[in-house]
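The structure appears below as C-alpha cells.
The values are calculated or read from the model by the stated rules, or taken from the named source; none is laboratory data. What you see is a predicted model, and the numbers here were worked out from it, not measured in a lab. Cβ coordinates were reconstructed from backbone atoms using ideal geometry, including for glycine residues, and neighbour counts include every protein chain displayed.
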Amino acid sequence: KYAKLPKHPKVRNVFNLDFPDSNHLAKTFTVVSGPDMVNLIYHNFFASKDKVTQVINHCTHRLCVYIRLSLQTNKDGKIPVKNIYKMFPADKKRVESALASANLPKGKYDTIKPDVFTESAFRTFLTHLCPRPEIYEIFTSYSTKPTMTKENFTKFLNEKQRDSRLNEELFPRLRQDQIKALMDKYEPVTTNSNRGLISPEGLLFFLMGPETSIVMQDRLAKCNDMTQPIPHYFIKSSHNTYLTAGQFSGVSSPEMYRQCLLSGCRCLELDCWKGKPPDEEPIITHGFTMTTEILFKDVIEAIAESAFKTSQYPVILSFENHIDSVKQQEKMANYCKTIFGDALLTEPLEKYPFIVLLLLCSCSNINSPPVNPTPHPQGTAGQEVTAYEAMSSLVNYIQPNKFISFDNARKKNKSYVISSFVETKGEAMIAKSAVEFVEYNKRQMSRIYPKGTRMDSSNYIPQPFWNVGCQMVALNYQTMDFPMQLNMALFEFNGRTGYLLKHDVIRRSDKKFDPFCDRIDTVVASTLTIKIYSGQFLSDKSVKTGVEVEVIGLPGDPKKKYRTKWTTTPNAINPVWNEEPFVFEKILLPEMASLRIVVHEENGKFLGHRIIPVDAIQSGFHHICLRSESNMPLTLPALFVYIEVKDYIPAAFAGITNQKMSDFIQAGRGPGTSPLWSLKSDH
C-alpha cells in the first residue's frame with residue numbers, strides 16, 4: 001500500500017476504491033510534503049498500470065537525498081527576471097548589478113531563455129551577488145600571484161584541511177595526482193588547471209564542494225556494530241506519538257506515526273482506550289483531555305505501511321493500556337497479528353531485521369479519574385489496567401516492570417526488563433545516583449518521557465539522560481524546539497537507522513563511569529576551536545545578524561556560550577565577522593558532545609541553526625549549510641567557518657609540540673575517515 005485513501009466519497013467512487021475486489025488501490029500513491037511533521041499537504045496520484053506506484057515510490061525515496069533547483073517559466077517557456085528579484089528581495093540594486101556581471105537581462109520585466117540561464121551563469125550571478133573577500137584573504141596567504149601553484153595548494157590542504165590527529169601511516173597525505181584531480185574538478189579556467197594552477201574562484205568552489213563537508217561522510221552511513229545487545233544502543237523514541245499539537249486539546253492523527261517512522265523513529269507510543277458502542281473499536285487518545293480520538297486499527301495500519309521504509313531495524317511499540325475489556329483487547333491483538341503479519345515478533349529469532357516488538361505497559365489496578373483532573377507529573381501512565389492473555393502473549397524480549405531500586409534491579413539481573421521514568425524522576429536519579437544509573441543502563445533498558453504538566457507539548461533536554469546511557473529518551477515530535485533539534489541531529493548518523501551504539505565507557509561492564517567526572521582515563525579529551533568568518537544569504541531582509549556557538553555534552557564540558565558581535569551594517573547577503581576564534585578547551589567525551597551554532601537577527605528572530613556531534617566534525621575551512629527550526633536544510637543560508645578539533649593537551653605539557661603529542665596518543669589509531677583523505681583507497 002503506497003497511498004493514503006482519499007477521504008472524499010466522490011473521489012473514492014471515481015476509482016472504485018471502496019469495492020473489495022478492486023485493485024485500483026494498488027495503482028495509487030501519495031506524496032506528502034510540508035515544512036514539518038504536522039503541517040502537511042497530500043498529493044494523491046493514480047497510475048494507469050500496475051506496479052508503477054511501487055517503482056515511483058521507490059524512486060521518490062531515493063530522490064530525497066538530492067537537492068534540485070527548479071525554475072519556473074512563463075507561458076512562452078522563458079524565466080521571468082522578476083522571479084530572481086523575488087528570490088533576493090533584500091538588495092535589488094545588488095541583484096541588478098550581479099545579473100549584469102553574468103551577462104543576463106536585468107530588467108524587472110525581462111525574461112531569460114532556459115538555455116542561457118545555465119548552471120555556470122547562475123554560479124557567476126551568485127558569485128557577484130555575494131562577493132567573498134575572506135576567501136581572497138585566505139588565498140593571498142598562500143599565493144601573492146593571481147593563481148596558486150599546485151605546491152602551495154598542497155601546503156594549504158596539509159596545513160588547513162587535514163586533521164592533525166590522523167596517523168600518517170593509516171591515513172597518508174594526498175598524492176600529487178589526487179591533488180591535481182581536485183584542481184581539475186574545481187578550477188573554472190581550463191588553461192589554469194592544465195598548468196597546475198588554481199584561482200581564487202577555484203578555491204571558493206573547492207571549499208563549497210563535498211570534499212570539504214564539515215561532517216565526516218562515513219559517519220552518516222551505517223557505521224556502528226549492529227550486533228550488540230539492544231540495551232547497548234540509543235533508540236530514537238517518540239512520546240504520545242499520535243498528537244499533532246498540545247496535550248490537552250490537540251488533534252490526534254495516524255499520520256504522525258508515519259512521519260515519525262519515516263524520520264527514523266524506532267519506538268512509538270500508543271495510548272489505548274475503550275471504544276464506545278456499538279462498534280466498540282479500541283481508540284487512541286490522550287485520556288481525560290479534549291484531544292481527538294483515532295482508531296487503533298488505523299494507527300496499526302499506518303505503522304505497518306511505514307515501519308521499514310527508511311530503516312530495517314526493529315520497531316518497538318510502547319502500549320499504554322487503559323482498556324479493561326477482554327473483547328477489545330482481543331480485537332487489538334487480532335489487528336496486530338493480521339496487519340503486521342510476519343513482521344510481528346511473537347517468537348524468539350536469532351536474526352531479526354524487519355520486526356515489530358511490542359512493549360505493553362500495564363499495572364494491576366484501575367484508578368478512576370478525578371472529576372476535574374489536574375495534570376500529574378506522570379501523565380496517565382499511572383492509570384493503566386491489566387493486560388489480558390490476548391495482548392500479553394504478544395509481548396516478548398522486553399518486559400516492562402515498575403522500578404523499585406538500583407540494588408533490586410542489580411540482584412534480579414534481568415536484561416529484558418525495562419522501566420519507564422518521568423523526566424523529573426529521571427533527573428532526581430541522575431542527581432543522586434548517576435553512576436548506578438549508568439550501571440543499570442549497561443544491563444537493561446530505561447525509557448524517559450515528558451512530565452504530564454508539559455501541556456504545550458514542550459520537551460526536556462535529552463542530553464543528561466544520554467549521558468547516563470538511557471536508551472529510549474522519548475520526546476514530543478510535534479514540537480521542534482531545541483531538545484528535538486538536538487535529538488534529530490544526533491540520529492542523522494549511522495544511516496538514520498534510529499539506533500546508535502553507545503560509547504564504550506557507558507557499555508563496558510569492567511569499569512564504572514561517572515558523568516560528573518572531570519577526566520576519563522580511557523578517553524582522550526578534545527579541544528575545539530571555531531572561527532566564524534562570514535555568512536551567505538542568511539535572510540531575505542536587510543538586517544543585522546549575529547552567531548551563537550556552544551557545546552552540549554557532559555556536565556564537565558565547557559559551559560561558555562560564545563556570541564559574535566552584531567554586524568555593523570544591515571547586510572544578510574554576505575555579512576563578515578572575522579573575530580577572534582572561540583575555544584572550547586576540554587571536551588571530556590567528544591563522542592557524547594555536540595556543537596550547536598545558531599544565527600539570529602538583531603531583534604532575536606531565529607534564522608537558522610546546525611547541530612553536529614563533535615566526533616563527526618572535520619577540521620578545516622567549511623561552509624555550514626543551516627537548518628530550519630524543524631531541522632530541514634535551508635537552500636542558500638550558510639556560514640563560512642574554520643574549525644580545528646585536536647587532542648586536548650594539559651597545561652603541564654604545553655611545551656610539547658602538538659604534533660609530537662598527537663603522534664604519541666594516536667599511535668595505531670585515527671578518528672573517522674574524512675572524504676578528503678579517504679581518497680587514499682586509490683593507493
Requested in this report: Scan the stretch 296-315 and report the pairs whose first residue is under 23 Å from ASP279 (Cβ atoms) and whose second residue is surrounded by fewer than 19 Cβ atoms within 10 Å (Cβ to Cβ) and of a type in the set (D, E, K, R), with Cβ atoms within less than 6 Å and a gap of 6+ or a chain change.
Outcome: GLU305/LYS1
Query raised in the report: So is LYS512 at pLDDT below 95, surrounded by fewer than 21 Cβ atoms within 10 Å (Cβ to Cβ) and part of a loop (DSSP other than H, G, I, E, B) or not?
Result: no
Report summary line: For the stretch 491-511, pairs from a residue that is free of Cβ contacts under 8 Å to residues at least 24 places away in the same chain to a residue that is part of a loop (DSSP other than H, G, I, E, B), with Cβ under 8 Å and 6 or more apart or across chains, are ASP504/THR522; LYS511/THR522
**Report entry** Pick from the stretch 396-438, criterion in contact with a Phe, Trp or Tyr (Cβ under 7 Å, 6 or more places away or on another chain) and of a type in the set (D, E, K, R), ranking: nearest to ARG454 (Cα to Cα)
**Finding:** GLU423
Report summary line: When the stretch 232-255 is checked residue by residue, the ones that are farther than 22 Å from LYS297 by Cα and either at pLDDT 95 or above or among the aliphatic types (A, V, I, L, M) (or both) are HIS232, TYR233, PHE234, ILE235, LYS236
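When the residues of the stretch 425-459 are narrowed to those that are among the small types (Gly, Ala, Ser) and either modelled with pLDDT of 95 or more or assigned to a strand (DSSP E or B) (or both), which ends up nearest to LEU268 (Cα to Cα)? Can you show your working first?
Applying the first criterion (among the small types (Gly, Ala, Ser)) to the stretch 425-459 yields 426, 428, 431, 433-434, 446, 452, 457-458.
Within this subset, residues satisfying the condition of being either modelled with pLDDT of 95 or more or assigned to a strand (DSSP E or B) (or both) are 426, 428, 431, 433-434, 446, 458.
Values: GLY426: 20, ALA428: 25, ALA431: 28, SER433: 28, ALA434: 27, SER446: 14, SER458: 17 Å.
Among residues in the stretch 425-459 that are among the small types (Gly, Ala, Ser) and either modelled with pLDDT of 95 or more or assigned to a strand (DSSP E or B) (or both), the one nearest to LEU268 (Cα to Cα) is SER446.
So is VAL468 over 23 Å from ILE617 (Cβ atoms) and among the β-branched types (Val, Ile, Thr) or not?
Yes.
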Query - Positions within the stretch 484-509 being among the basic types (Lys, Arg) and assigned to a loop (DSSP other than H, G, I, E, B), in sequence order - result: LYS502, ARG507, ARG508
Report task. Filter the stretch 143-182 for residues that are within 30 Å of ARG94 (Cα to Cα) and either surrounded by 15 or more Cβ atoms within 10 Å (Cβ to Cβ) or touching a residue at least 24 places away in the same chain (Cβ under 8 Å) (or both) and give the result. Result -> SER143, PRO146, THR147, MET148
Report summary line: Residue hits (the stretch 470-483; in contact (Cβ under 8 Å) with a residue 40 or more places away in the chain and either assigned to a helix (DSSP H, G or I) or touching a helix residue (DSSP H, G or I) at 6+ places or on another chain (Cβ under 9 Å) (or both)) are CYS470, GLN471, VAL473, LEU475, ASN476, TYR477, GLN478, MET480
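Only one of these is under 14 Å from the mean Cα position of the chain (by Cα) and surrounded by 20 or more Cβ atoms within 10 Å (Cβ to Cβ): ASN459, ASN494. Name it.
Values: ASN459 fails: under 14 Å from the mean Cα position of the chain (by Cα).
Within the list ASN459, ASN494, the selection yields ASN494.
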Query raised in the report: Which one of these does THR453 not meet: (1) of a type in the set (Val, Ile, Thr); (2) surrounded by fewer than 21 Cβ atoms within 10 Å (Cβ to Cβ); (3) free of Cβ contacts under 8 Å to residues at least 60 places away in the same chain?
Result: (3)
Query raised in the report: Could you list, in sequence order, the residues of the stretch 88-118 that are outside any loop (DSSP other than H, G, I, E, B), in contact with a Leu (Cβ under 9 Å, 6 or more places away or on another chain) and free of Cβ contacts under 8 Å to residues at least 40 places away in the same chain?
Result: VAL95, SER97, ALA98, LEU99, SER101, ILE112
**Report entry** Listing of helices (runs of 4 or more DSSP H) fully contained in the stretch 131-192 that carry 3 or more residues being closer than 30 Å to LEU99 by Cα
**Finding:** 133-140, 176-186
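One line per residue, one yes/no per condition, for (1) over 24 Å from the mean Cα position of the chain (by Cα); (2) modelled with pLDDT under 95; (3) crowded, with 21+ Cβ neighbours inside 10 Å; (4) over 30 Å from VAL505 (Cβ atoms):
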| position | (1), (2), (3), (4) |
| --- | --- |
| THR545 | yes, no, yes, yes |
| TYR562 | no, no, no, no |
| THR568 | yes, yes, no, yes |
| ASN571 | yes, yes, no, yes |
| ASN574 | yes, yes, no, yes |
| PRO581 | yes, no, no, no |
| LEU589 | no, no, yes, no |
Query raised in the report: When residues of the stretch 366-410 are filtered for being at pLDDT below 60, surrounded by 13 or more Cβ atoms within 10 Å (Cβ to Cβ) and of a type in the set (Ser, Thr, Tyr), how many remain?
Result: 1
**Report entry** helices (runs of 4 or more DSSP H) wholly inside the stretch 199-309 containing at least 1 residues that are among the hydroxyl-bearing types (Ser, Thr, Tyr), surrounded by fewer than 22 Cβ atoms within 10 Å (Cβ to Cβ) and outside the structural domain of SER630 (by TED's automatic domain parsing)
**Finding:** 296-306
